[in-house]
Number of protein chains: 2
Amino acid sequence: MGSLNDIGVAAGINILSALGFLLAFAVLRIQPINDRVYFPKWYLKGTRSSPRHIGAALSKFVNADVSTYMRFLNWMPVALKMPEPELIEHAGLDSAVYVRIYLLGLKLFVPIAVLAFLVLVPVNWTSGTLEDEKSISYDEIDKLSISNIGTGSKRFWAHIAMAYVFTFWTFYVLYHEYKVITTMRLRFLANQKRRPDQFTVLVKNIPEDSDETVSEHVQHFFAVNHRDHYLSHQVVYNANTLASLVEKKTGLQNWLVYYENQHAKNPEKNPTIKTGLWGLWGEKVDAVEYYRTTIEELCKQEDEEREKVVSDPSAIMPAAFVSFKSQWGAAVCAQTQQTSNPTVWITEWAPEPRDVYWPNLAIPFVSLSVRRLIMTVALFFLTFFFMVPIALVQSLANLDDIERVLPFLKPIIQRNSLRSIIQGFLPGIALKLFLIILPTILRTMSKIEGHISLSGLDRRTASKYFLFLFVNVFLGSVITGTAFQQLDTFIHQSANKIPETIGESIPMKATFFITYIMVDGWSGIAAEVLRLKPLVMFHIKNTFLVRTDQDRDQAMDPGSLDFGSNEPRIQLYFLLGLVYAVVTPILLPFIIVFFSLAYLVFRHQIINVYNQQYESCAQFWPDVHRRIIIALIVSQILLLGLLSTQEAEKSTFALLPLPVLTIWFHYVCKGRFEPAYIKFPLQEAMVKDTLQRATDPTLNLRAYLKDAYVHPVFQGGDMYDLVAMDEEEKDPLLVATKRRSRMNTPVDSRLNSSSGTNEGEFSRLRP
Amino acid sequence: MGSLNDIGVAAGINILSALGFLLAFAVLRIQPINDRVYFPKWYLKGTRSSPRHIGAALSKFVNADVSTYMRFLNWMPVALKMPEPELIEHAGLDSAVYVRIYLLGLKLFVPIAVLAFLVLVPVNWTSGTLEDEKSISYDEIDKLSISNIGTGSKRFWAHIAMAYVFTFWTFYVLYHEYKVITTMRLRFLANQKRRPDQFTVLVKNIPEDSDETVSEHVQHFFAVNHRDHYLSHQVVYNANTLASLVEKKTGLQNWLVYYENQHAKNPEKNPTIKTGLWGLWGEKVDAVEYYRTTIEELCKQEDEEREKVVSDPSAIMPAAFVSFKSQWGAAVCAQTQQTSNPTVWITEWAPEPRDVYWPNLAIPFVSLSVRRLIMTVALFFLTFFFMVPIALVQSLANLDDIERVLPFLKPIIQRNSLRSIIQGFLPGIALKLFLIILPTILRTMSKIEGHISLSGLDRRTASKYFLFLFVNVFLGSVITGTAFQQLDTFIHQSANKIPETIGESIPMKATFFITYIMVDGWSGIAAEVLRLKPLVMFHIKNTFLVRTDQDRDQAMDPGSLDFGSNEPRIQLYFLLGLVYAVVTPILLPFIIVFFSLAYLVFRHQIINVYNQQYESCAQFWPDVHRRIIIALIVSQILLLGLLSTQEAEKSTFALLPLPVLTIWFHYVCKGRFEPAYIKFPLQEAMVKDTLQRATDPTLNLRAYLKDAYVHPVFQGGDMYDLVAMDEEEKDPLLVATKRRSRMNTPVDSRLNSSSGTNEGEFSRLRP
């Protein structure tokens, strides 16, 4: 265990670095040149225009107004000032509920910390066990922890009582929060404007019919079985080829605009390019002419492909979006079983159009279960054996081996200074690389599992990531050794020994976790607000690549709350807080600082920066709740294990009801609240239907829903782009406005807007 | 381990006793006097009339026709002859599917046994390990088992290959059977005549409304939220007091009829009774007069109570049966969530009227989850600590203690012969008593959990009983010791040691389980067909109590398939079969004999004897399926444990995919078939609605459903009884006919008919 001194030093370093980040942020954010990095949300909303167009040349880039520097920290109160209803309106319910997770951390741990410092710290401090046992080296911090209580002491009853108090307090806070968020979700759903997904159900696994096309089959089925409610439907096309053609064209179009601009600036010189690989060699041709013809060819290909997709029956997937005349009809269809075979005509609420993950719509039912089996097995191996391939890579990266295989590198490798640097870094690099791409791997695994919405993908990724963090960060730090070694230990240990082993080493790891919280929590969050990577990227793009306003908007990368990788990390703090609340309460203030800082920062970010790709109406809350419950149970079992090594048998039995109660509490909450996140109550649907009929009796719902669930490549905007391209490309600003506005409308899918953006960026990087 | 000789002796005894039972049955069943014991089903159907009314005096009681004795075993082919569709028509789908469980056992184990004898027995037999190790005493039977293979032998691969083959064969059989039974269920539902439960949904937890009564509240809610489909509703009354009054009256009415009959036989003498305790002392009064006045008083009380229940708002429970105009409307309401709070207005399909368990209809949601928590904890303690109270009782039953507490018993206890008998029996009696009342205890626990249908109670009881049998019979026999000692061992053993410990002792227990199968399976099933208890009870009643034809019908106790206690016992055989298929295949033929005999016997019983109290349309099949899957997984893990003690590490790894595959198979089946047992597809509902509208366009559905879900004490029949009692009691035969016919109609609840019957019996036993 580290000493108080060590912690002090670590705290100093981390407080300084966090303050440094915050200061840098405070200064950078008021520079006009960074405006699009720190306030992209407002640009997308259209309420903030580029500060470049006003004022003198210098003030375009640097803020010379001294008074604003005096108020450089005022973003903090501003971030807190926006009231929650406005926040929901501004950033969506998902974001508003996401920052409430941090608030929940504060609500949970502030009272627990107060109580722990009032009761447990004095109890631990006044017990003189560590002082008596002179042989063991101990530290001041240990005197505040449970380690200072002698084995078999009566003082453990204080800890047991506190474990009960903390558990019931957690129950109260969790139940209350679940209730509040469920109410928020229902109110949000009730107050929402008309949205296509409210009337639409996704039907998967439509069985084949030899006499009818998919479209006819769908129409007949629903016209018969939902006679009074069926309105229309939209079949799903397999348009992946077409989508890639559209992407390619967008990239080429940007290049065309670029060369046209260059030509306009310097009319004498016709810009030329080489047609070969990456433009490095090959025939020299006139650039504008080349791109114009290439795009024309692509347009023809696209038209052919579009024709093919629409006319070829095999391009129609056995899935469809079926729309109903009323929300009641849609709610009924989404919640019921359609035919006696539950594996065909599977209905579920359609995700909102932006949220659809199109490529997964055609996976058949049987393949789904096989995919899930394989991914479960893969996740197991990934979690417990991820060190194996990394160790392999590390051993391959051995310099002597490299020397033998690639003898021509010998002179370089033989240099001593370089050698030691490589030897020191290489093994670490493989691991770091793996950890960086881990969320992407997990997300790919979720994609393979076949979820059909982006929000679903994010939720599944979060579950997988939490398992990984729990096994490899939490358990891996407590019991040093790889996950596989742990697994081996656990299998060969008796059931009651496992919590004992972990529980025993828990108090000794407090210092480590305190340092972890400061590095990952404090400095990490402060770095988050600085947005170092988007800042650098924006300026690189702005300097070298931005040619049009459209490009500048694309260079602006608002990012979004990455639920899949951020939420599991928060859960780790909940786990640490609950585990150490009874054992080493001194850890709690560090967690409270993390939650406060993170709450502040993320509230600021969702107000000014992030642009969510979809709105799932807080559908992730049951997952958040469940993982806190898991953390609570783990903390109880570890406390049980710890106490049972302290010769306090009676107290161990006194703790046994806790996990049972917690599991029961979980089921109570599940029954009470979870249906609100899966089903949609008929009463609410009926109320909304009646209201809408009264307020808008002449609405043509069929026309409203007509194009809502058309594959992005077929959507009006792109159709228009295609047909009217020649006129449009002369006026890039017009296109820019369109794109900007589309970025925030619900009818656009992320696949379309973001992939278009990325393609644009990538193609621009090619010379 | 027992020797082949021991098994031979045991087999001899059990075959003889089984044959004895079968012979006795063959003789007894053709005696006319026993006709109502062995063919009650046909009496209830009304297709068989009492053989007493025809022929000579002697032939009324004893069958003198010698030729029938020659054909005394022909019940066996007859039992098999009835084709399945007719069986379903005759006995209901529940019974038909129930006997298919035995058939499934045959389908599963006959091919497994053939394969095991062709492959595994030769492999085991030719391996000479046991012969080489002269020190260990072994037996012929061990040479056929896996014990004969030496540690680390390559021959284990044969067992591993067979484990895979058996697993996949089990998958195939289970999947196929699930499919067949789901089809049967759907066809049964589709072909059924109109039934009230097809149009009705049970609504629980109706929230309080200060302005409206429950009835008004229900009507308004459904008239608004199911505008086009709502038809009518029936509120639920708390009529438990009234029900007990009706029961009491029924008993007294029987006595009145009895004394009136006596008076009619012997008109000079007025029968008298004493009014005191159990008729043993007190004032002597005229019996007919006494019962007549008492019944009149009861009638008045009943009328008052009835008035009170109907008029008192607090007697109305917050539950209602809501009927819809179409099955489509009912299917929609049963499958959807009604309001944003999922704990109120909970809807589910109404059980058929006979199947409703009325007392549980008013349990509030919150109390439900507490009840389930308590019952889960109670089940845990019952399963693992049931020996504690029994040991206590046994120690209390110590004769010396009794002597001290009750000194006046001293002379009796001091007698040596008596003493030894009591000492020998007392401890066993407590355990036997406990095992006899165990199903009743488990059923009471299920009742406390708050299930609202009798079929649900049976299913939950079966789950609990299976857990008990698995822990206390299977594990308890393998690892000798009480369940609590096992639990203690398991907790203190490492995770990989547990299957090893059990797996290691599995082969040694084969002889024990063979004997168990013969005693419990062979003789037990043969005793079942003899119906010894109902036979004796019928003759006692017939001799001493039967006065009217109505009484004779009530004395006839057809019984029913007790799913709650029979099904878990079958599951034990599946477990034994799957566990020993690879380890000691010699056990399989014994199980096959059991399944064949049981199939024969139960098919005969459901054709001729049992009268089911409800029809759940095979809703129990997912449970049956799940428990066989559990047995399969247990068998795989135990084989894993067994092989890992045989120094065959590679083979252990080769077995690891089996449990994973099995769990996956379970989820595949669950997704594919289980919805058919929970939901009702809208397509089927629409088809039935359209058909019914076409075939019966003038049907007044409201009138048809009017009284379907009225509490039994309010039902037409009893109302009529009450009002027109004075006329009716003069003609008991008329009442008898009514009752008899009601016993089979769906509108009657079991609570009514059976409790009425019991009360009648009990009151008759009082002098």
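The values are calculated or read from the model by the stated rules, or taken from the named source; none is laboratory data. Everything numeric in this text was worked out from a predicted model, so none of it was measured. In this analysis, Cβ positions are derived from the backbone assuming ideal geometry, glycine residues included, and neighbour counts consider all displayed protein chains. In case anyone asks, the SASA skips ligands and DNA or RNA and just uses the protein heavy atoms, side chains included. Shrake-Rupley method; radii C 1.70, N 1.55, O 1.52, S 1.80 Å.
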Next on the checklist: Cβ-Cβ distance below 6 Å, separation of 6 or more or different chains: which pairs start in the range A:378-393 with a residue that is closer than 18 Å to A:TYR465 by Cα and in a helix (DSSP H, G or I) and end on one that is open to solvent by less than 30 Å² (accessible area, probe 1.4 Å) and among the basic types (Lys, Arg)?
Outcome noted: A:LEU379/A:LYS464
Checklist entry - Any chance the range A:609-621 includes a residue that's open to solvent by 30 Å² or more (accessible area, probe 1.4 Å), within 14 Å of chain B (Cβ to nearest Cβ) and either among the acidic types (Asp, Glu) or out of contact with any Ser or Thr (no Cβ under 7 Å at 6 or more places or on another chain) (or both)? => result no
Checklist entry - Inside the range B:638-674, can you point out the residues that are surrounded by 18 or more Cβ atoms within 10 Å (Cβ to Cβ), β-branched (Val, Ile, Thr) and over 16 Å from A:PHE365 (Cβ atoms)? => result B:THR652, B:THR662
Next on the checklist: Can you find, within the range A:672-709, the residue that is farthest from the other protein chains (Cβ to nearest Cβ) among those that are touching a helix residue (DSSP H, G or I) at 6+ places or on another chain (Cβ under 9 Å) and acidic (Asp, Glu)?
Outcome noted: A:ASP707
Item to check | Single residue of the range A:472-491 satisfying the filter (part of a loop (DSSP other than H, G, I, E, B) and at pLDDT below 70) that is farthest from the other protein chains (Cβ to nearest Cβ) | outcome: A:THR480
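Can you name the residue in the range A:325-337 that is assigned to a helix (DSSP H, G or I) and among the polar types (S, T, N, Q) and is also nearest to the other protein chains (Cβ to nearest Cβ) among such residues?
Here the residue is A:GLN335.
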Checklist outcome for this item: Of A:VAL257, A:VAL309, A:VAL322, A:VAL285, the only residue that is β-branched (Val, Ile, Thr) and within 14 Å of another protein chain (Cβ to nearest Cβ) is A:VAL322
Checklist entry - For the subset of the range B:223-260 comprising residues that are part of a helix (DSSP H, G or I) and of a type in the set (D, E, K, R), which member is farthest from B:VAL310 (Cα to Cα)? => result B:GLU260
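Would you confirm whether or not the range B:191-212 contains a residue that is of a type in the set (Ser, Thr, Tyr) and either in contact with a Gly (Cβ under 7 Å, 6 or more places away or on another chain) or within 14 Å of chain A (Cβ to nearest Cβ) (or both)? Can you show your working first?
So in the range B:191-212, the residues of a type in the set (Ser, Thr, Tyr) come out as B:200, B:210.
So of that shortlist, the ones also either in contact with a Gly (Cβ under 7 Å, 6 or more places away or on another chain) or within 14 Å of chain A (Cβ to nearest Cβ) (or both) come out as none.
No: the range B:191-212 contains no residue that is of a type in the set (Ser, Thr, Tyr) and either in contact with a Gly (Cβ under 7 Å, 6 or more places away or on another chain) or within 14 Å of chain A (Cβ to nearest Cβ) (or both).
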Checklist entry - Here are some conditions: (1) under 19 Å from B:ILE678 (Cα atoms); (2) open to solvent by 10 Å² or more (accessible area, probe 1.4 Å). B:VAL332 meets all but one. Which one does it not meet? => result (2)
Checklist entry - Out of all the residues in the range B:242-264, which are open to solvent by 40 Å² or more (accessible area, probe 1.4 Å) and touching an Asp or Glu at 6+ places or on another chain (Cβ under 6 Å)? => result B:GLU247
Next on the checklist: Name the single residue that is nearest to A:TYR709 (Cα to Cα) among those in the range A:224-241 being touching a residue at least 24 places away in the same chain (Cβ under 8 Å) and open to solvent by 50 Å² or more (accessible area, probe 1.4 Å).
Outcome noted: A:ASN238
Checklist entry - So which residues in the range A:353-368 are surrounded by fewer than 19 Cβ atoms within 10 Å (Cβ to Cβ) and within 12 Å of another protein chain (Cβ to nearest Cβ), if there are any at all? => result A:PHE365, A:VAL366, A:SER367
Item to check | Residue check for B:MET184: buried (at least 17 other Cβ atoms within 10 Å of the Cβ), part of a helix (DSSP H, G or I) and more than 14 Å from chain A (Cβ to nearest Cβ) | outcome: no
Item to check | Breaking point among (1) at pLDDT 85 or above; (2) within 14 Å of chain A (Cβ to nearest Cβ); (3) on the phi < 0 side of the Ramachandran plot, for B:SER340 | outcome: (1)
